[in-house]
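What follows draws every value from the coordinates through simple rules; no lab data is involved. Not measured: the values here are computed from a predicted model. Heads up, the Cβs are rebuilt from the backbone with ideal geometry, glycines too, and the neighbour counts pull from every protein chain shown.
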Amino acid sequence: MSKITPQPGIMDIALYQGGASHIAGVPNAVKLSSNENPFGPSEAAREAYRKAGFDLHRYPSTDHAALRAAIAEMHILDADRIICGAGSDEIITFLCQAYAGPGDEVIHTEHGFAMYRICALAAGATPVEVPERERITDVDAILAACTARTRLVFIANPNNPTGTMVGGAELERLAAGLPEHVLLVLDGAYAEYVEGYDGGARLVDARENVVMTRTFSKLYGLGGLRIGWGYGPSHVMDVLARVRGPFNLSQSALVTAEAAVRDRGWADKCREDNTRMRAWLAEALAEHGVPSDTSCANFILARFANQAEAEACDDFLKAEGLIVRRVGGYNLPNCLRITVGDEPSCRRVAHAVGQFMKVAR
């Protein structure tokens, strides 16, 4: 047996499973499993990407100055306190790498994004799962779970895969109640889907213990390019800059993201379409006997009577050429997460669920 072994915690990581993209033997399946923008990026972003093809032989900038300036301008933030990464996942990785290690604890909620646990284990830290209250982040449970070993607390707001969120007053209470050695990370991957929500930026500006992460993968339709960013206190951004690789984002990604964030009209249109179809889909599913919590993101968490019914519905949807997401790995075995697609896709999945429920109960 080889004596070459990985660091403690690595082999405890269950491989991340992304949303399925294909169904064997089913051409042109409708993918509603990865919370992607069904309309893709704006034409301005597409054009920026096309033009970037002429400079593929050039190294990208190491400081991401143009993209950070654009993000700061559009979100009214301090560009010097923005860091960019290969998706917000990389920012999460930086945070665990920089602030957690062997003997430390990283808190996440029971239905929280899988990467929190994965990144904590990769850093050698111990992930600590705390309960939610009816699929909503429980601030009191988080505060009660904090110990002298706690270093990071991760919250997605809105949360994935539940779609629920907590208000600003609760976030402020959490940030104020944390021990002084703990950093609160607000994952805002779906923040753009909430009209008027800043993802926690004002709380970041008001405190020294809060960091916000965001992504271009959802509303901006750039999941294939892997671009995310973080915003936090200067002392945190200085630390993260020291662990970030100098060329972690390609020039194509940088210029495309800059064009995307400046195209406010396209973002507004995509948000409005999602809001409209999300409400329609939730109501249509409820009429078929499939409830869901009020979602603030671009997906619905459909709840079934039990795990067997949820999995049977998933199998039925696959047979109909519709790909959704089982979420048993998120402690929600009786649920299916369904991305809000375009109108034809939403109508098709609602009809299929209705057909299934007619014979299931």
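A few comments on the model shown:
- Greater than 27 Å apart at Cα, pairs in K51/K318; K31/K269; K269/K318: K51/K318; K269/K318
- Of N37, N159, N306, the one that fluctuates the most in a GNM where the chain has Cα springs shorter than 10 Å: N306
- The distance separating the Cα centre of segment 193-214 from that of segment 132-176 comes to 14 Å.
- Structural descriptor for the chain: relative contact order 23 percent, calculated from alpha carbon pairs under 8 angstrom and at least 6 residues apart.
- In terms of its C-alpha gyration tensor, segment 122-278 has an oblate overall shape, because the principal axis ratio a/c (a ≥ b ≥ c, square roots of the eigenvalues) is not below 1.5 and a/b does not outweigh b/c.
- Calculated from the alpha-carbon coordinates, the chain shows an Rg and a Dmax of 20.5, 60 Å respectively.
- Of all DSSP beta bridges in the chain, antiparallel share, percent nearest 5: 45
- Cα pair distances in segment 1-91, grouped into 10 Å bins until the bin that holds the longest one, percent each: 11, 23, 29, 26, 11, 1
- Report note on the peptides 253-266, 66-79, 47-60: ranked by the mean count of other C-beta atoms within 10 Å, highest first, their order is 253-266, 66-79, 47-60.
- Centre-to-centre separation between the Cα atoms of segment 1-23 and those of segment 47-82: 33 Å.
- Shape category assigned to segment 299-361 from the gyration tensor of Cα positions, a/c cut at 1.5: oblate
- Overall form of segment 235-361: prolate. Here a/c, set by the Cα gyration tensor axes a ≥ b ≥ c, is 1.5 or more, and a/b is the larger of a/b and b/c.
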